[in-house]
Each structure stands twice: as structure tokens, then as C-alpha cells.
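What follows is a short report on a single structure.
The values are calculated or read from the model by the stated rules, or taken from the named source; none is laboratory data. These figures come from a predicted structure and were not determined experimentally. Every residue, glycine among them, receives a Cβ derived from its backbone with ideal geometry; neighbour counts consider all protein chains shown. Note: areas computed on protein heavy atoms with side chains; ligands, DNA, RNA excluded. Shrake-Rupley method; radii C 1.70, N 1.55, O 1.52, S 1.80 Å.
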Amino acid sequence: MAKPFNQTSLEDICKQVHGSIGNFSLLVRVLASQLTQHNCQKIREKYMEMYGEDLYDRLQNKIDSHTSKTSTILSLSILNPHERDAIIAKNAIFKERDSVNYKALIEIYVGRKSSHFFLIQQAYQSKFRRNLDQDIMSIEPPHSYQKMLMALAASQKAHSAEVSVHIGKCDAQRLFQTGKATSGGFKIDEGVVLEILSKRSIPQLKLTFTIYKHIYGHSYTKHFKNKYDGEFEDALKFVVKFLNNPPKYYAKVLEAIIKGRTTGKGELERIIVSQSETGMKKIRKSYNNMFGMDLRDAILESVPNGDFRDLLVAMTMKTSID
């Protein structure tokens, strides 16, 4: 585990980092040993003081076809969490032309605490001179994920952390009754779902879906499986599944990428970095429960030997604070 360091050792680390920018093997060894959020922030600040350049920008300039994944993890790791999420959100919206990464946005809107979410919005405004919610609302063509993201943005604002079983039971009953007949078959009543998503905190929503399963004997997503079909329903399934059990979702995604069943553009790097200090312990537990081996061992078994694998292992073994 990386330990706090004094001013002299901090300067030495910055000198090593500066001298190893072109040597990723050395850079990984230097930074991987210091990859706690606190230490990375100190390194970034000292590097700016010594060399007049943002280490994040320096690492970004080194990204190419051979080192992109390694450099992406290193560069994202030295950012503070809300700045990193702001960059991830912007890339999700604008990086791929005509292709918005809604799942990356849902991870942020559902998976971050309200206090963190507010800082993400501030960082987005400060760094890009843009409003995150407005950018999402302006996406063309319109998509059902937009409606859910806006509802979830509302749920993050000024809600008490306390949860109510009574409200959970009432909302569970309303959700059970959300199906309605249309000329094309059965559809979910979008208005009811969006109202609940927008007016309840994330902890309250989790309790509601737990109560739903307890009352009706099955998960909410199974309620409309094979019965309701459409863009809104598909988006809702993802939101509910992620909200109910983020570690299980992340474990499944990581397994698919590590085993080569999906390319997952940027997903591996995004998940490893964003969860390394806040959720990796639970992800590793879920991974072990589902696939019968530790995530670290799966990486060692499936990812070719090299800087990227070494960095992945270091990130998955960071001290967890969850």
C-alpha cells in the first residue's frame, strides 16, 4: 500500500515521472506504487510547481495506438474524482460521432453520491464552459435514456439521505401497476416511472426495488420481461439493474472484456479507475462469487504480460475504502 510522503520524496517522484514520460514501463512502476487518490493529487500539484505543466495534459499527449490504454489509466488516475467524471461524461456525449455512451452516463448519475454529483457538474462547467444537463438534453436524436438521466439528475438534488419503508411500499405498488395497453401491445407508463425516479433519492429507489421483490416475489425488471418491449423499457431495465447491484454489473462487464467477448471501448479503463478506491472490494467479491476466481487472477490469466497488465493488477489491488 502506498504511504504518504514528505516534500523531498515528492520531488524525487516528480523527477522520476518527468524523466520516464517516454518510458511507460518505468512510468508504470513509479506511479503504480503511488496510486492512491491523495498521493496522485500531491504528485500532480508538485509536478505543476516544478515543471509548469499539468501532468494530466503531459500524459494525454503521449497517447497513441500502442500505449493508449496504459496512458488513459495513468492520466485518469491522477485526476480528482469529480474532474475525472466530468471528462468521462463529456467523452460519453461527444467523443464518438452519432454514438452516445449512455451507460457511462448512467454509471455517474446513479453511482455517485449527491455531494459528488454536484461537484461533477461544477467541474464540467468550469473545465468545458458547458452545462452537463443541457448537453444531455440537447443530444440528437432524442433517446429514452435522456429522460431517465434528467429524472436522475433531479433525484440528486436536495433529497434527504433518510429512507422510508412506507414510501417504498407505495412506490412499489405504483410500479407494479405501471403497465398499460396500447395499440402496439403493453407499454410501461413512462410518466409514473420518471416521476418516481425524479422525486426519490438513490438510496430510496434501492429500497423501493428491494421492497418490490419482497412483496411480489420477483424483481421489477422481471415484471415486464418478455411482456413490455421498447426503447424506454430497455433503458429502464439497465438503470434498475445497475441501481440494484453496481458491483455485479461491473463484475459482468469486466469479465466480458477480460475474456475477449466484447471490446468495450474504454469501459475497462473507466471502470478500473473510477472504482479502484471506492468499489473494487465489492466488485472483486461479486466477481469471485459469479466466476469462481479473483479478478486479479483473471487479469493475470487473460491479459498479455506487459505494462498494461501490471497497471491493471495494481489498480485492482489498491486499498479499498468502501
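In the stretch 213-223, how many residues are open to solvent by less than 90 Å² (accessible area, probe 1.4 Å) and over 14 Å from K237 (Cβ atoms)?
So the first thing to find is which residues in the stretch 213-223 are open to solvent by less than 90 Å² (accessible area, probe 1.4 Å), and the list is 215-221, 223.
Next, only the ones that are over 14 Å from K237 (Cβ atoms) stay: 215-217.
The number of residues fulfilling the criteria is 3.
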Suppose the filter is under 26 Å from V193 (Cα atoms) and either in a loop (DSSP other than H, G, I, E, B) or open to solvent by 70 Å² or more (accessible area, probe 1.4 Å) (or both); does K241 pass it? yes
Name, by its number, the condition in (1) open to solvent by 20 Å² or more (accessible area, probe 1.4 Å); (2) under 21 Å from T36 (Cα atoms) that does not hold for N289. (2)
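Every residue, every condition in (1) part of a loop (DSSP other than H, G, I, E, B); (2) of a type in the set (V, I, T); (3) in contact with a Lys or Arg (Cβ under 7 Å, 6 or more places away or on another chain); (4) assigned by the TED database to the domain that holds Q173, yes or no:
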{"residue": "P203", "(1), (2), (3), (4)": "no, no, no, yes"}
{"residue": "I211", "(1), (2), (3), (4)": "no, yes, yes, yes"}
{"residue": "I215", "(1), (2), (3), (4)": "no, yes, no, yes"}
{"residue": "H218", "(1), (2), (3), (4)": "yes, no, no, yes"}
{"residue": "T221", "(1), (2), (3), (4)": "no, yes, yes, yes"}
{"residue": "L236", "(1), (2), (3), (4)": "no, no, no, yes"}
{"residue": "T262", "(1), (2), (3), (4)": "yes, yes, no, no"}
{"residue": "K265", "(1), (2), (3), (4)": "yes, no, no, no"}
Just to verify a result, which residue in the stretch 292-313, among those that are among the small types (G, A, S) and either assigned by the TED database to the domain that holds T72 or loosely packed, with under 15 Cβ neighbours inside 10 Å (or both), is nearest to L76 (Cα to Cα)? G306
Among residues of the stretch 75-128, those that are open to solvent by 30 Å² or more (accessible area, probe 1.4 Å), over 21 Å from Q37 (Cβ atoms) and under 11 Å from the mean Cα position of the chain (by Cα), counted: 1
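Does R129 qualify as being modelled with pLDDT of 95 or more, of a type in the set (K, R) and assigned by the TED database to the domain that holds K147? Spell out how you get there, then give the answer.
Numbers: modelled with pLDDT of 95 or more: yes; of a type in the set (K, R): yes; assigned by the TED database to the domain that holds K147: yes.
Criteria met by R129.
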